[in-house]
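Visitor: Quick one: the structure is below, questions incoming.
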Amino acid sequence: MTQDRENPSPLDPSIAHPARVYDYILGATTHSAAAGAAGRAMREVWPSLPLSMRQNRAFMHRAVTHLAHAEGIRQYLDIGTGIPTRPSLHEVAQGIAPESRVVYVDNDPTVLTHARPLLRGGAQGGTSFLRADLRDPAGIIASPEVRATLDLSRPTALSVIAVVPFLKDADDPYGTVRRLVDALPSGSFLALTTATGDSAPRQMTAVAQEYARRGMTLRLRSYERTCAFFAGLDLLDPGVVLVHHWRPGDAQRDVPDHGVAMYGGVARKP
């Protein structure tokens with residue numbers, strides 16, 4: 001995540017920040033006035049926004065469940081963590097394999113404040129937090145937190161959930177994700193979601209405009225541009241889809257496509 005004029009400093013509570021707006025729309029009761037105002041405005045222009053965000057979280061739960069259970073992944077690098085919403089990624093992974101190890105990465109110090117009670121270590125897995133900028137993949141990979149918690153010679157799942165929409169084109173989002181994937185060994189996985197206007201173009205254009213009015217970036221990407229994040233990787237079935245169509249459960253059965261504006265996919269590094 002960036003800390004420029006379009007992605008304001010998370011240290012200033014008077015300015016809305018994407019992680020805090022996301023948390024508010026998911027139903028948080030503790031939030032800044034700026035985040036609450038932004039979230040209410042976005043819900044007004046598209047009442048289905050909370051549904052879309054909840055389905056995005058549910059995608060993460062199903063993806064991590066699959067990676068832990070079926071693929072045997074025991075290491076996770078989660079970038080753009082956001083304020084913890086239970087169950088968090090480590091709770092899903094460690095609920096299946098207690099030895100799983102997770103590094104959470106975000107640039108908002110509020111995330112650490114909320115995440116600190118969740119951080120733990122020991123023989124049966126571990127969880128740590130790194131405050132860092134997504135645009136600095138080399139710094140993330142080289143950080144003491146990552147090096148102490150993960151063994152990057154072993155397959156690792158890179159989780160980039162609902163964070164690349166907040167990168168401007170000038171931030172080179174595709175190159176950024178590629179550099180992170182390149183640092184991981186064969187057999188690693190990328191799980192990624194991003195916002196789209198394909199399923200609800202008028203509504204999501206209005207949401208993106210609301211973000212812009214409040215000094216934040218929200219880039220909407222087409223199906224083709226979302227697929228580009230997975231170039232050179234082996235997509236798991238069903239490929240890149242609206243997130244509620246990725247290996248859906250009963251809770252996704254009646255979710256309408258026009259109520260979800262997030263594409264997602266999971267892919268293996270050859």
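Visitor: From the C-alpha coordinates alone, can you work out the Kirkwood hydrodynamic radius of the chain, in Å?
Guide: Across the chain, the inverse of the average 1/r is 18.4 Å.
Visitor: To continue, here is another question. With the contact rule set at Cα under 8 Å and sequence spacing of 6 or more, what percent relative contact order holds for the chain? Please report the intermediate quantities before stating the final value.
Guide: Details: 530 pairs, mean separation 55.2, N = 270.
Relative CO of the chain lands at 20 percent.
Visitor: Still on this structure, please answer the following. Could you check the spin-label model distance between Arg253 and Val45? Points 7 Å from the Cα along Cα→Cβ, value in nm.
Guide: Here the modelled spin labels are 3.5 nm apart.
Visitor: Treat each spin label as a single point 7 Å out from the Cα along the C-beta direction, and report the Ala97 to Asp234 distance in nm.
Guide: For the pair Ala97/Asp234, the computed spacing is 1.7 nm.
Visitor: Let me ask you something else. When a footprinting reagent is the concern and you count Cβ atoms within 10 Å, what order do Arg147, Arg202 take, fewest first?
Guide: Arg202, Arg147
Visitor: Taking the beta-carbon count within 10 Å as an exposure proxy, list Thr65, Thr194 from fewest neighbours to most.
Guide: Thr65, Thr194
Visitor: Could you list which residues have their amide H under 5 Å from that of Gly126, counting only those 5 or more apart in sequence or on another chain, with H placed in the peptide plane?
Guide: Arg101, Val102
Visitor: OK, next. If R₀ is 30 angstrom, what is the calculated FRET efficiency for the pair Thr65 and Ser222, using the beta carbon separation as r and rounding to 0.05?
Guide: Values: r = 28 Å, r/R0 = 0.94.
Efficiency, rounded to the nearest 0.05: 0.60.
Visitor: With only Lys, Arg, Asp and Glu charged, each at its Cβ (+1 for the first two, -1 for the last two), find how big the charge dipole of the chain is about the Cα centre; round to the nearest 20 debye.
Guide: Working: 29 positive and 27 negative charges, 49 e Å.
Roughly 240 debye, rounded to the nearest 20.
Visitor: Using a 7 Å offset from the Cα along the Cα-to-Cβ direction at both Asp198 and Asp136, what is the distance between the two label points in nm, to one decimal?
Guide: Using points 7 Å along Cα→Cβ, the separation is 3.4 nm.
Visitor: Using 1/(1 + (r/R0)^6) with R0 = 45 angstrom and r between the beta carbons of Ser153 and Gln209, what's the FRET efficiency to the nearest 0.05?
Guide: On the way: r = 45 Å, r/R0 = 1.01.
Efficiency, from the Cβ-Cβ distance: 0.50.
Visitor: Between region 48-98 and region 128-196, what's the alpha-carbon centroid distance in Å?
Guide: 15 Å
Visitor: If you don't mind, another one. Kindly put Ile140, Ile96, Ile79 in sequence by how many other C-beta atoms sit within 10 Å of each C-beta, fewest to most.
Guide: On the way: Ile140 21, Ile96 15, Ile79 26.
So the ranking, lowest neighbour count to highest, is Ile96, Ile140, Ile79.
Throughout, read-outs are computed from the coordinates displayed, never taken from laboratory work. Just so it is clear, the model here is predicted, and its values are computed rather than measured. Note that each Cβ is placed from the backbone with ideal geometry, even for glycine, and that neighbours are counted across all protein chains shown.
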